[in-house]
1. Just order 149-160, 75-86, 114-125 by mean Cβ neighbour count inside 10 Å, highest at the front, would you?
2. If you take the square roots of the eigenvalues of the alpha-carbon gyration tensor of the stretch 56-213 and sort them as a ≥ b ≥ c, do you get rounded (a/c under 1.5), prolate (a/b over b/c) or oblate?
3. Quick one: which of 188/272; 257/326; 430/467; 95/216; 216/326 span more than 18 angstrom between C-alpha atoms?
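What follows draws every value from the coordinates through simple rules; no lab data is involved. Computed from a predicted structure; not experimentally measured. Please note: Cβ atoms are built from the backbone with ideal geometry, for glycine as well, and neighbour counts cover all protein chains shown.
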Amino acid sequence: MLMTLVSGCLRRPMHRAEAPRAYVTRCSSTLRKLTKCLRPGLSILLGLCLACSTDTASTPEPVQRDVILIVLDTLRADHVSSYGYERMTTPTLDKLAAQGVRIDDVTAQSSWTGPSMVSMFLSRRVAGDFVRMPPYTTLAEHMNAHGWRTVGFQDNIMLAPGTGYDRGFELYEMEPGPGIILPAINDKDPRPLFAYFHFVGPHDPWTPAQTYDVFKPGEISPEVRAAYGAYLHDLDPTKTPLEIDLHVESASHEIAKQIALYDGDILQADAKVEYVLGALDRAGRLEDALVIIASDHGEGLWQHRVAELAFDVDDARRNDLLSAFKRTHNTLLYEELTRVPLIFSGPGVPEGVVLPGPAENVDLVPTLLDLLNLPPLPGTDGRTDSLGMAGQSLLPSMRDAAEGRPSVGRREVVSNTNQFTAVRTADGKKLIVPWDSTGPDSPKAFQLQNDGGEQRPIALERDVLTKLMESISALRSQGLKPTQGEGDLDEITRERMRALGYLGGSDEEGDTSGR
């Protein structure tokens, strides 16, 4: 009996899905039984057994399994079926959500690709716009250093090789076809695979193939239509109600058609995800893989006016609702631009769980590292770094939710562009503040619980306003800012972007395009 108990304590490893505390509890229970058989002279052996079990639990071995990270560029959460959208745009994503955990309330740290991917890959918030990855250890570098084969496939020019977003990848390809992707997936390298896919769809221009162009124009909400009418009246009070109604009707019809195309692009991007997962399955890599679905930012579909700074005083576009209201992304920080999907599926992830949040995109990396028993990125302690800028693991909250216990989300979430900073509390109070306090744009506050479309600005209580302003000041002083060269494009990349219409003459995108 003595030998059986000792052997059970020393040789039974910690289960892959077992929490360290549970493992220690299990071994400690065995040791309590052992003490009934031990003579006083064997107390030293008991201490050694306990130390052995504690050491094993505190320093678990990394979990060597494949990781598939798929980022769908410009995908707003409220156009994903499993997030409540009435159109069936994302059957593949919905299946993954049903098999794993869907985080309901997730905020991206910027409303365009460059800084958003910096924050996602570094698990750090940003206080400036980036077109290059700053010199900190990225997720890919970290995974590669711990034994993963790292491959990246993407078709967003903002993330082209040489911009730093490719750091840490052994293979990194722009606009790859099956001839590149499939050999990488089927490679017999014994190391686990970290594969990052970044699909630019449903980024504009919205041109779904005929197979996916299946949605008919819907209705523009009365609230947004009212905002159009109020804007036209403020622009020219001499216009009659009939003139305004006709203008609103014409613009709404065109906007509805464009939104249907955007949804078709989402459906097409979902099909790409299905193709990748099918290829991984055929290669024998999917069953034991972690799959993560994320987005870098959302999309403006004409719900809010563009920043005042985008217009010249006499610009005729003021009279065009399709120009005066925000199409695409960048600069602004309303919910349609920052609320994104985040889905985890695979071993160690509870099944069929919806985690309320709030959470942020910076939480992706700590959650993944927690699932793999990997140490945090250098410079962090796994939950926050010395400046309080890192994300936090969502795995404990996932487990709480799976067991029916209340999960605790973030008290605040934040976002930033080079024109605005936004902070939102867990109970829906939101403040958006322009960087230029002397410019034409003024701070705006909303209560999202009764104004989810952010159409009715409110006045915040003084103590709430003070607290939110403190959070904005902290982000601006402590968030990552681009240094020399990190905010600049080289001429080759700039010309490629200009040829694609990303630079020059866009009222919304600015010099960095917002892609």
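1. Values: 149-160: 22.5, 75-86: 19.9, 114-125: 27.7.
Top to bottom by mean Cβ count within 10 Å: 114-125, 149-160, 75-86.
2. Rounded shape, in that the Cα axes give a/c under 1.5.
3. As for pairs spanning more than 18 Å Cα to Cα, those are 188/272; 95/216; 216/326.
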